[in-house]
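Notes to accompany the following structure.
What follows draws every value from the coordinates through simple rules; no lab data is involved. Here the structure is a predicted model, which means the values were calculated and not measured. Neighbour counts run over all protein chains shown; Cβ positions are idealised from the backbone, glycine included.
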Amino acid sequence: MKRYLNLVVLVLFITGCVSKQAMLVNPDTGQTQNCSASGWGWFGAPHASHIYNKCVSNMRTNGYKYPYEITSEQQPEFIGKSKEKLPEVTIVKPKLSNVREAKIAYKTGRISKSEYKTTIYQLKSNYKMKVREIKLDFNAGKIDELEYRKRITIAKMDYAG
């Protein structure tokens, strides 16, 4: 029995998978770029995650943004400038500011299931973006470890409510 348990633990340790994808838009030109990576196993999963993060970081350095980050003032600037047709992108800002509020609104019937899922998705995306930016600041030496932990804690509390 112990041998099988060890085998299960070993299999779980060496396997794993990741698949990430994001579309970014340049607000000046309207061009879109996709970043995606996938991998499995003890080497493939972390490597795919690294490739994805590097792609997003490079695109953001070149001025690309997630569609939900583009303000209504920036949208008219790039309409018609790009030769390629822009995909239909609906910018959805969450009506509710955290997961707790969204759960309460859904349970009380103020929002539908699809609105709840959309809100949770947007809140999670915003949270991941904040964490990514905090990590970039920490890795660039702009903030120390104490400030890093403080900002991460604040982002988690903002997300959860």
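For the stretch 89-161, what does the relative contact order come out to in percent, with C-alpha contacts under 8 Å and a separation of six or more?
It rounds to 42 percent for the stretch 89-161.
Computed extension gain for Ser114 through Ser97, at 0.36 nm per residue and net of the alpha carbon distance, reaches 4.5 nm. A simple spin-label model places pseudo-atoms 7 Å from Cα toward Cβ; at Asn53 and Met1 they are separated by 4.1 nm. With the simple model of a label 7 Å out from the Cα in the direction of the Cβ, Asn139 to Thr29 spans 2.4 nm. In this structure the amide hydrogen of Ile111, modeled in the peptide plane, comes within under 5 Å of the amide hydrogens of Tyr106, none closer than 5 places in sequence on its chain.
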